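What follows is a set of notes on a single structure, which appears directly below.
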Amino acid sequence: MLVAALRRILRPLVRLLIARNLPFPFASSLLRGVYVDIAVREFPIEGKRQTDSRISLLTGVHRKDVKRLRRERHLALQPSVAAALGSQLVARWTTLPDYVDETGLPRPLPRLASAGEAHSFESLVRSLNTDIRPRVVLDEWLRLGIAEVDERDRVCLRVQAFIPRQGSEEMEYYFGRNLHDHLAAAVHNLLGRTEPLLERSVSYNNLSRAAVAELTELAEKRAMGVLQELNARALALQQRDSGQPGASNRFNFGTYLFREDEAEELEKEPDDDRS
């Protein structure tokens, strides 16, 4: 059963690799390195040194390759400056009382701090980053459709449009982070070592397209409400805890939605006959 589950998990990943022209030898080499890294970091024997021979025994990777891979540095997945800054700006603009109206929606902000208002787009950007000019951030957001400037020279945030563009560095970062965390939670529960983590879903088949559309609309509406509520509370707690001893923990809560026509997927299954 586990092998069948792994095969299913790998299918969308292999689809991505092929679409990005990353062939099997690349994936094989990448997986070999991950095997060694996980064995070294997470499967030690207390009081004993992690030798190349033991890592080779645990992973099945040749000892010569283990020796080479242990010398290589593996870069941690980090968001680009643009992705990190953009997320922080939106979090504050959609959460802090000074930046939302009475209905909880982000207020239009004067583009410049000199406009006479207490809060502006320029001051919001500078409160988080003094190295990147607010105009540069605004120009990029205008290009992506995340924001617009109205006739009163106010910057208006389009929250629903704050989605990294297809194929961008930002999207690749969130792809790696969110899928890792979802899979890590599921593996944590499968291994059953400590208290289980939240990892649930609602799944139905034999639905019409209209039914799926209705469920999709409901799911997106409710999910956005939960995410906005958690964002507001998490930001407040982060500001409270920042700089305190032990404030090194990470929290990630996400939602996902998937739909497909199972009849169409069955039609794609390869025939058993071979010419």
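The values are calculated or read from the model by the stated rules, or taken from the named source; none is laboratory data. The structure displayed is predicted, hence computed values, not measured ones. When we count neighbours, we look across all protein chains shown, and the Cβ atoms used for this are built from the backbone with ideal geometry, even at glycine.
Among the residues of segment 101-128, those that are within 27 Å of the chain's Cα centre (by Cα) and at pLDDT below 85 comprise 104, 105.
Checked against (1) at negative phi; (2) modelled with pLDDT of 90 or more, residue 147 passes all but condition (2). So which residues in segment 222-255 are modelled with pLDDT under 90 and among the acidic types (Asp, Glu)? Passing the criteria: only 229.
A quick yes/no check of all residues on (1) under 26 Å from residue 38 (Cβ atoms); (2) surrounded by 12 or more Cβ atoms within 10 Å (Cβ to Cβ):
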site: 190; (1), (2): yes, yes
site: 195; (1), (2): yes, no
site: 202; (1), (2): no, no
site: 205; (1), (2): no, no
site: 215; (1), (2): no, yes
site: 221; (1), (2): no, no
site: 226; (1), (2): no, no
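Residues of segment 176-187 that are modelled with pLDDT of 90 or more and farther than 15 Å from residue 251 by Cα: 186, 187.
Helices (runs of 4 or more DSSP H) fully within segment 7-98 that include at least 2 residues being buried (at least 16 other Cβ atoms within 10 Å of the Cβ), over 24 Å from the mean Cα position of the chain (by Cα) and outside the structural domain of residue 234 (by TED's automatic domain parsing): 24-42, 52-59, 63-71. Among residues belonging to segment 150-175 that are in contact with a helix residue (DSSP H, G or I) (Cβ under 8 Å, 6 or more places away or on another chain) and of a type in the set (Ser, Thr, Tyr), point out the one that is modelled with the lowest pLDDT. Selected residue: 173. In this structure, does residue 92 turn out to be within 22 Å of residue 172 (Cα to Cα) and either of a type in the set (Gly, Ala, Ser) or modelled with pLDDT under 90 (or both)? No: the conditions fail for residue 92. Comparison of 213, 219 shows that the only residue that is closer than 20 Å to residue 174 by Cβ, in a helix (DSSP H, G or I) and modelled with pLDDT of 90 or more is 219.
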